[in-house]
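Engineer: A single structure is presented below for examination.
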Amino acid sequence: AAADPVRVFPGSMGRGSWCNEHDTIHKRLDIIEETVIKTVEHLESEVKSLLNTISETTSNIPIPPGTPLTNIFDGK
């Protein structure tokens, strides 16, 4: 009987330690997820603001007739 492994059944007292660690990890992941979402929302807002500023600035720059327009998103 001494050589038999100790059996821990779900819901028994033996699961407390790893269960607490599991819960702690999930809580930390929830915090990280919330932080990432807020960061992405903030960055989206900043990018929109920058694009609006660029759009307003470029629309106020006079372009001489015959000047070829360059597409900065062309990738060339």
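The values are calculated or read from the model by the stated rules, or taken from the named source; none is laboratory data. Given the structure is predicted, the values throughout are model-derived calculations rather than measurements. These accessible areas exclude ligands, DNA and RNA; they are computed on the full protein's heavy atoms, side chains included. Shrake-Rupley method; radii C 1.70, N 1.55, O 1.52, S 1.80 Å.
Engineer: Would you tally the residues in the range 31-76 being within 15 Å of the chain's Cα centre (by Cα) and open to solvent by 90 Å² or more (accessible area, probe 1.4 Å)?
Structural biologist: 9
Engineer: Output the number of residues of the range 18-30 satisfying the condition of being more than 25 Å from the chain's Cα centre (by Cα), open to solvent by 80 Å² or more (accessible area, probe 1.4 Å) and among the hydrophobic types (A, V, I, L, M, F, W, C).
Structural biologist: The number of residues fulfilling the criteria is 1.
Engineer: I'm told residue 73 meets every condition in (1) modelled with pLDDT of 75 or more; (2) part of a helix (DSSP H, G or I) except one. Can you identify the failing condition by its number?
Structural biologist: With respect to (1) modelled with pLDDT of 75 or more; (2) part of a helix (DSSP H, G or I), residue 73 is out only on (2).
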